[in-house]
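Reading through the structure tokens given below for one structure.
Please treat every number below as a calculation from the coordinates, not as lab data. Here the structure is a predicted model, which is why all the values come from computation and not from measurement. Please note: Cβ atoms are built from the backbone with ideal geometry, for glycine as well, and neighbour counts cover all protein chains shown.
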């Protein structure tokens, strides 16, 4: 390939005298009679003549400096490839000049080579404003090179080189396409970061403050990351902020430099000035009338003698994530325009006295509450969740709570829900506008699997913003009527005559539309057989049918995060020569009442970073055996199991806490107990617990059991010690407990998807009777996993777990390393 070089300038301009003799030893003064200009096509001639300072009627000495200066001035403009000044003629004491120029080409467009498509787009956005306006000259080359190098330096390319060629553009007279050839080189890593000037801070400590710029080390298995100039600049600001937070309020970076360590790495030198360490002195308050100084001091929580930290001071004044700062107690009491200004009134030695100057302002009352951006969801569905009511005092906490409640609906992008208070100082009221953005909330499950020698197909549809009242309004179908916040779910699974399962559910969160009373109804039917005809003695079949109706209401005590739900469930089990249960042939009915008390204060349903969730459930059937006269000691299976009786107790909880950076810890505990009324009847054949595996079935209608996931073990593998493996896996257990600890880290957070990775440790076990129950005797697992939430599919997950304790009597000790989950419950319980 031919060498690529930047076009060079032509020879310096000259002064020509056409057929005239000038006496250089005896200069003579002339009057300029006129100046002509040739060679220009796009530049204003009068402007060029004016720049030359050869003005008609003025005097000039020839030979002299005026002609040389005229040539230098025009050449310096960078507009020409050649400039020549001719003396056209001299008539007595009058001289006539002709300026002859060759215009440089104009830039029509850039042609970028050597970078990716996306990088090319970004570079052109920065350069294209020059197209059609700029002259191709050294200034253009230099500015273009600087722009490209700066952009690529921010991407980690430290050794970029740029070369140029030009080619004519036939669409533009005197226009040229500037071909830019970029050699990015390779991305570089930071081999070393050296500090100087530091005394109290070790270099290792200062390097830790650089969160996004890390030097290479042998123990960093996956590398230390590429150098990024923009992140490095951010890190320098963070470095000083961290030093100041430790009391060194005078800390600064005196200078820093980046140098080439090798062709793959760079080094960084940073010289810092620490200064003395400062401490808080006297803290006084001025302007406070609503709250006493004692209350404000207690809220601030900073004592005299503590290490001085502006970051901590700002956090305690108005930046606490928990709402326990000074600003919050005012903003939650209507003081919307409250402000506090910490003024450092005196610095004596290493001590800083601070005065808190407060402006309380008036109390504001909520006035108009408006909503915008909801293009699908009806206004009333959102407005009924809003906690900032007209006529009540403005409250920051209620504003934040409203944003959370809108996010809980699942129909809007939580990150784009923006409340905007608009104070009206004239009457002491505030209008609040909530801007929202709809997101896809419906989900589809379409899958095929292989089990029991047969292919099983599944189709599930969930509509999370359904509108029942518009069911007969054909114009509202998109593809189904939407906007009322109701939930409709349909699911079918079958492989033909061997297995079929169909379910339906509908829920209305505000029954009647005026009170937060939820209503739900669901139904299911499931069938499994060995495919033989009913007349065949080997024929086996189980059919389950069920209907559930529920009512729930929000509580204001102990706080308004609580909810109480009542449900009536009716289920029918029909078995025909079907093994694995306490009876193999017959019909059993399960009529039960469920009471559920729950509290959910999680700040996000998909990736919570704080808050908690707990649910306490009691489910019970009538005590049939205590009300009839049947002697269960001699009763047949048909009598014993016709009406299933039991009482069932469950407790589930989760707790979330943000750690350093974006890391979040999640702790979880679960417990379940299935009890009996009459020992003569024995335990229920249904409603038992199966522990282990992916837990995707939740409540397994086909088996009449509750399935609880436990990674690292196969489905239903965690059985009571000493149990018959086959029977225990099929029937389940009456008691279980499980504990989980997870460390989560988000990798994607957008409207289109949310994803996070995690590390986990779990412990759980099952028991056949309470006498054997020991909450500390658990089977243990640990591993890693990932979750991604896609609005149309729900939560998808994969985990790799290692089980530390084998389960006797089960293949491979019940272990199963990989666990997949599809459309899993968002709570993960």
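Neighbour counts of C-beta atoms inside 10 Å place 422, 316, 117 in the sequence 117, 422, 316, starting with the fewest. The ranking of 583, 736 by Cβ neighbour count inside 10 Å, starting from the fewest, reads 583, 736.
For residue 226 and residue 303, compute 0.36 nm times the residue count separating them, minus their Cα-Cα distance, and round to one decimal in nm. Mind dumping the intermediate values first?
Working: separation 77, 0.36 × 77 = 27.72 nm, distance 4.27 nm.
Computed gain between residue 226 and residue 303 is 23.4 nm.
Running Debye on the chain with equal point scatterers at the Cα sites and no solvent, what base-10 log of I(q)/I(0) appears at q = 0.09, 0.10 Å⁻¹? These q points yield log10 I(q)/I(0) values of -1.12, -1.23. In µm²/s, what is D for the stretch 511-610 at 20 °C and 1.002 mPa s, where D = kT/(6 pi eta Rh) by Stokes-Einstein and Rh is the Kirkwood radius from Cα pairs? Value of D from the Cα-based Kirkwood radius: 126 µm²/s.
A crude spin-label estimate for the pair residue 431 and residue 53, with each label 7 Å from Cα along the Cβ direction, gives 6.3 nm.
Extension gain for the segment residue 192 to residue 359, taken as residue separation times 0.36 nm less the Cα-Cα distance, is 55.2 nm to one decimal. Considering all different alpha carbon pairs of the stretch 279-359, the Kirkwood hydrodynamic radius works out to 12.9 Å. Axis of helix 229-245 versus longest Cα principal axis of the chain: the two differ by about 70°, to the nearest ten degrees.
Using alpha carbons only, how many degrees (0 to 90, rounded to 10) separate the axis of helix 117-127 from the longest principal axis of the chain? Long axis of 117-127 versus the principal axis of the chain: about 40 degrees.
Of all the Cα-Cα pairs you can form in the stretch 615-681, what percent are over 15 Å apart? The proportion of pairs with Cα distances above 15 Å equals 65 percent.
What's the FRET efficiency of residue 320 with residue 253 using the Cβ-Cβ distance as r and R₀ = 30 Å, to the nearest 0.05? After rounding, the FRET efficiency stands at 0.55.
For a Förster distance of 22 Å, can you work out the FRET efficiency between the beta-carbons of residue 660 and residue 747, rounded to the nearest 0.05?
0.85
Please give the FRET efficiency for residue 233 paired with residue 776, using the beta carbon to beta carbon distance and R0 = 60 Å, rounded to the nearest 0.05.
0.70
In terms of the mean number of neighbouring beta-carbon atoms within 10 Å, the peptides 184-192, 332-340, 527-535 order highest first as 332-340, 184-192, 527-535.
Can you tell me the alpha carbon radius of gyration of the stretch 685-808 divided by the globular rule-of-thumb value 2.2 N^0.38 Å?
1.16
With a simple spin-label model that places each label point 7 Å from the Cα along the Cα-to-Cβ direction, the separation between residue 582 and residue 643 comes to 1.5 nm.
The length gained by stretching the chain between residue 290 and residue 632 to full extension, at 0.36 nm per residue less their Cα-Cα distance, is 115.9 nm. Projected label points at residue 556 and residue 339, each 7 Å from Cα along the beta carbon direction, are separated by 3.6 nanometres.
In what sequence, highest mean first, do 343-351, 62-70, 747-755 appear when ranked by Cβ atoms within 10 angstrom?
62-70, 747-755, 343-351
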